[in-house]
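Here's the structure we're looking at; comments come further down.
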Amino acid sequence: MIPGIINYFLERYRDSDYIIQQKSRVLLSVLLAIMVLSPVVLGMYIYRGHLSATFFGPVITICIFTVVSLVILRMGFYQIASHLSILTLMSGVWYVLFMDTNQPLLARMDTIVYIPGILIMVPLLTVKRRILIILYYAVNIAILIFYGLTISSQYALSQYITFDYLMDNIIVMLFMGIASYQIFNIDTSALIKAKKAEQAVAEQNQQLEVINNALESANDELINFQRDLKKSEEKYRTLVEMADEIIWSGDIKGNYTFMNRAAERVMGYRQMEIIGHNFAEFTTPELAKHEAAIVRELVRRKGNSARYETTYFAKDGTPIHFIIALILIRDDSGWVIGATGTATDITKRKVAERKIQQQNEELAASNEELEAMNEELIASQNELMHNEESIREKESAIRALLNATTDTVFMLNNEGVILIANSSTSKQYKNYLKNFIGHNYFEHLEETGQKDRLNRFKSILVTKEQCRFEDERKGYIFDINAYPILDHEGEVSRIAIFSRDITEQKNAERKIREQNEELVTAARKFESMNEELVLRQIDILNSEMKYRHLYENALVGMATTRASDGMILKVNEHALKLFGFASEEEVVNKRTIDEFYADPQNRNQLLHELKTRETIHNYELQFIKNDSMTFWAEVTAKLYLNDDKIETVFMDISKRKIAEENVHKLTFYDSLTDLPNKKMFLAKLQSEIMKSQRKSKENLLSVMCIGLDRFKHINDIHGSAIGDLLLKSIAGRLKVTYREDDIVSRFDGDKFMTLFSDLASADDIIDVVRKTFESFTEPFVLGDLEFYLTASLGVCVYPNDGDNAEMLINNSENAMYNAKEKGRNTYQLFDAELNDGLLNRIKMEQELKDAINNHEFETFFQPKVDFRGNIIGMESLIRWNSALRGSVPPLDFIGLAEKNGMIIEIGNIVLRESCRWNKKWQNMGFPPMKVSVNISPFQFRQDNLIETINNILHETGMAPQWLELEITESGIMENEEENIKKLHSLHELGISISIDDFGTGYSSLSKLKDYPIDTLKIDKTFIDEVPQNIKSMTLATTIIDLAHNLGFKVVAEGIERKDQLDFLHEQKCDHYQGYLFNPPLTAEDFEKKLRASFDPSAIQDSLN
């Protein structure tokens, strides 16, 4: 019983140090002794009849103080209890010494017995306590002997010192004996050791604090180092990926373990198509053996690097020559464990070397020829010296010949001074010959306003190329041909100009064109008349012989077919040739005319017209020949309904169709790029506007003007020929950038115009702008030249920025010029408000990329609870703490992240953090519970989803059964069959599946039973109006009943009011989530919530 009382009072001191435990034990013994002995003394005095008020009061006071001290000691406040006990004993001393003055002082000597007790309790556990206790007993025994002698003697004090005094002192000695026994049980050495241990612990704490500060400093440095290392790693990874050379790593077997993106640019393989494959798969067996021998030799002589040339084959089979720089990778023991290196494409160099070799061979042969020619020239030079006179004669003859020609001839020097002019000059320029010689021809052109001709002649001095053009002046047309004459240094020293009057020729050509057009018109009329004549003659001719003769020898194809089934009954020779047959036996009664229509619908249209009008004229249709080639024919036919026959005339118009197509192409397409020209673009735009106006809801159309930046510099530096090739290359790239229905047009010069119809929203304009800029990221390669171009874009939208084609085109051009003024390589929307919105989305897209790299996303957790509020799980939710925007709600960025694909990285961040925190809380001793993670439909469609989840679970160490994936109905319905297989695979891993926002999608209830799911989550929209709205109550009840009948758990989210909770509880909903219990919490706050709900140490003890 006594140990139980002691443990009861000293329970709070179990975890205290040794000294406090011992002090509290002694103090408890003293207090208990007072509580036991005080009633004994009081009873003894009552029995003897010596009890007085002056004595009763102090005893009761001491008892009360003692009880209070015991209560305070039980509460764990040792120091207060100790001081109160001393005060209790001191009050007794005070009373005896100073209050009970009826007795002499010597009679009150028993009070001294209190003093040693007080002295013992004050220094209670000092090293000198044994001396104090011995001194106490010596004094106490002396007092007892004195009292005994006094009682038995006749001294005056005997009347005061009675047997009661003696009994008092004996009782006090018993009381102090109990305290002494407890004190003597205390191990002195243990106290000393404990004291020293306290000092040692204090010193160690100081040292640990210093070490801790040093560790914190080192940890900060390590974090900074890791951050710098990560940035450095990202920088070098970017450099590696952007390098022109192929950078690779491989294992000891020659299998590639890493390959940068240059492999795709050079060889056409994607990185994943190379990694894991052996190098020998991309070269010939002989070269693979040679390369392996180089590596073996390098290992044998313990070298580290090698450099050699080899050949690999691109994805399309093209051989590519490389210089391989190889470095062996060794472990700490020096063993080779792999290799790394670079591969530099030297294919162009090899080709150039071969060309140089060929040219050197050709030059060697040419040198031999030149030497022979040189000898001949020396001989000729000697001969020429003797022929000067003959040259003069020839010069006179040439001059006479020039004067005899009707063409005007000039000879200018490189400054434009006329050196030679023939006699025809005076006729053309109405001036005398002598007035031209010695004058500057260019000044004459400036005076007469012929600046264009002046510029053309001046360009000859720069380009050193022939120039030919037509010049119309005062009703006359001249054919001008100018030739540069180069000196021995290759510079222009003379310009020969020939001018011919071609006015009559041009007039004649114009008349011929007009006559040709008249002839074509007449020919068409003739063709029409000829066909009508043929049909009329068929009706008129009753004579079979005449009919057969006309039928067989007609210059057009003729055929008789059965109207009901199209069987060919008769054909003439021309029709056989048209359709590619040699004889009637191949066709008649064996083939139907339906087989030869290029478009089967044409046959049905033709029959419908014939049944309506009996006769049709000049239908243009396309047919298929026997050899599968096609041709166009103009068809005239007549239906003989009573005879079930159709007589048909075919006239081959293929050549005319080709000519019309050529005319159409020249009219509506750009001759250089084959893109629609301005005329066709305008027609298409007007057509789309009319189509939009006919609809009840206006179509969203966008017109974008693309202006090439600084394209004129390329023309000036490389010439117009290179510029034209570059425009063709740009046009080809733009064709494949957009949708098939989008129109790309070359408007003029270096300006392109695009038309985008049926746009769903303004976000589609972002995609169009992004695709356009991406098409200019790669260089345009023309032979050995590479051109990096940029473009400025102007965008306008119908009907916001214009209600007609001309206005839309003008506004897009204006927006494009504004973009150029803002610095080029950008775009401008004509609508300022829309422009700001799109700019904000593009800016946010870049900020999202930075947020991923800067770890700005934080995972919050919202508890899932039962009806009593006990936490049974949690849902993880994403929050973006933007450095620029502050806290951004998920609704503002999740849609954009799904659109550009960044939702995959963001989703993986949430999944990894959710698993990491849940595993951490499990390790801390909290009860294991499931964490629910939302998976977006875009993320769920990824082929590597299961592999990614497995990797994260392995990385964090969390068991699959503590993970629940929340997927929306719409996410499953997309590619439903494949997604259900994926759900089964996840379920087989032990991962739980929950259908999020159930009831808001379009999933089939008949298929719901086949889904491998565990939980249905009722959407907040069904909870908001419960229990006020009857329909909402019915829907919620139905979903709960349906889920339970199918064996699913039900979670209701968005609970904010108590009446909602009560209603759902009545319907036997399993779990709840919402602001009524808790908002989403940070991981730290959620951990505090767990601590408040669970005691990890108590849980751990119960498990042990």
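The values are calculated or read from the model by the stated rules, or taken from the named source; none is laboratory data. Bear in mind that the values here come from a model prediction, so they are computed numbers and not experimental data. Positions of Cβ are backbone-derived with ideal geometry, glycine not excepted, and every protein chain shown enters the neighbour counts.
Remarks
- Boolean, N699 is more than 30 Å from R613 (Cβ to Cβ), touching a strand residue (DSSP E or B) at 6+ places or on another chain (Cβ under 8 Å) and either assigned to a helix (DSSP H, G or I) or modelled with pLDDT under 90 (or both): yes
- Some residue of region 907-925 being among the charged types (D, E, K, R), assigned to a loop (DSSP other than H, G, I, E, B) and out of contact with any His (no Cβ under 8 Å at 6 or more places or on another chain): no
- Residue within region 850-871 that is assigned to a helix (DSSP H, G or I), modelled with pLDDT under 90 and surrounded by 15 or more Cβ atoms within 10 Å (Cβ to Cβ) present: no
- Members of region 1054-1095 that are in contact (Cβ under 8 Å) with a residue 60 or more places away in the chain, within 35 Å of the chain's Cα centre (by Cα) and farther than 10 Å from P863 by Cα: T1082, A1083, E1087
- For region 885-900, the count of residues that are of a type in the set (D, E) and more than 19 Å from the chain's Cα centre (by Cα) is zero.
Let's see how each residue does on (1) touching a strand residue (DSSP E or B) at 6+ places or on another chain (Cβ under 9 Å); (2) surrounded by 17 or more Cβ atoms within 10 Å (Cβ to Cβ):
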site: K1058; (1), (2): no, no
site: F1063; (1), (2): no, yes
site: K1068; (1), (2): yes, no
site: Q1073; (1), (2): yes, yes
site: L1076; (1), (2): no, no
site: P1079; (1), (2): yes, no
site: E1084; (1), (2): no, no
site: K1088; (1), (2): yes, no
site: A1092; (1), (2): no, no
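- Looking across region 1014-1033 at every residue that is hydroxyl-bearing (S, T, Y) and at pLDDT below 90, the one that is farthest from D997 (Cα to Cα) is identified as S1032.
Condition check ((1) in contact (Cβ under 8 Å) with a residue 12 or more places away in the chain; (2) over 29 Å from I765 (Cβ atoms); (3) aliphatic (A, V, I, L, M)) across all residues:
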{"site": "F893", "(1), (2), (3)": "yes, no, no"}
{"site": "G907", "(1), (2), (3)": "yes, no, no"}
{"site": "E913", "(1), (2), (3)": "yes, yes, no"}
{"site": "I935", "(1), (2), (3)": "yes, yes, yes"}
{"site": "F940", "(1), (2), (3)": "yes, no, no"}
{"site": "E964", "(1), (2), (3)": "yes, yes, no"}
{"site": "L989", "(1), (2), (3)": "yes, yes, yes"}
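- Residue tally, condition exposed (fewer than 14 other Cβ atoms within 10 Å of the Cβ) and under 30 Å from D892 (Cα atoms), over region 718-741: 1
- Enumeration of residues in region 742-773 that are closer than 25 Å to K678 by Cα, surrounded by fewer than 20 Cβ atoms within 10 Å (Cβ to Cβ) and either of a type outside the set (A, V, I, L, M, F, W, C) or touching an Asp or Glu at 6+ places or on another chain (Cβ under 8 Å) (or both): D742, D748, G749, K751, D758, D764, D767, R770, K771
- Listing of strands (runs of 3 or more DSSP E) fully contained in region 584-661 that carry 2 or more residues being buried (at least 19 other Cβ atoms within 10 Å of the Cβ) and in contact (Cβ under 8 Å) with a residue 60 or more places away in the chain: 630-640, 645-652
- Selection within region 331-362 - within 16 Å of S249 (Cα to Cα) and either touching a Lys or Arg at 6+ places or on another chain (Cβ under 8 Å) or surrounded by 15 or more Cβ atoms within 10 Å (Cβ to Cβ) (or both): V336, I337, G338, A339, T340, G341, T342, A343, T344
- Members of region 761-797 that are part of a strand (DSSP E or B) and not charged (D, E, K, R): F780, V781, L782, L785, F787, A791, S792, L793, G794, V795, C796, V797
- Test: A883 is small (G, A, S) and surrounded by 21 or more Cβ atoms within 10 Å (Cβ to Cβ): no
- All conditions but one from (1) modelled with pLDDT of 95 or more; (2) in contact with a Pro (Cβ under 9 Å, 6 or more places away or on another chain); (3) of a type in the set (A, V, I, L, M) apply to V910; the one that does not is (2).
- Within region 474-489, tally of residues that are over 21 Å from A721 (Cα atoms) and in contact (Cβ under 8 Å) with a residue 24 or more places away in the chain: 5
- In region 928-1043, counting only helices (runs of 4 or more DSSP H) that sit wholly within it, the ones holding 2 or more residues that are closer than 24 Å to E1066 by Cβ and not aliphatic (A, V, I, L, M) span 1020-1023.
- Looking at H574, H617, H608, just one residue is more than 17 Å from A559 (Cβ to Cβ) and in the same structural domain as T560 (by TED's automatic domain parsing), and that residue is H608.
- Matching residues in region 674-683 - criterion: being under 37 Å from the mean Cα position of the chain (by Cα) and either at pLDDT below 90 or surrounded by fewer than 17 Cβ atoms within 10 Å (Cβ to Cβ) (or both): D674
- When N800 is tested against the conditions (1) crowded, with 20+ Cβ neighbours inside 10 Å; (2) over 23 Å from the mean Cα position of the chain (by Cα); (3) at pLDDT below 95, the lone failure is (1).
- Residues that are among the acidic types (D, E), surrounded by 11 or more Cβ atoms within 10 Å (Cβ to Cβ) and either touching a residue at least 24 places away in the same chain (Cβ under 8 Å) or within 15 Å of G341 (Cβ to Cβ) (or both) occur at least once in region 300-310.
- Of the listed requirements (1) modelled with pLDDT under 90; (2) closer than 21 Å to E1053 by Cβ; (3) not in a helix (DSSP H, G or I), G895 misses just one: (3).
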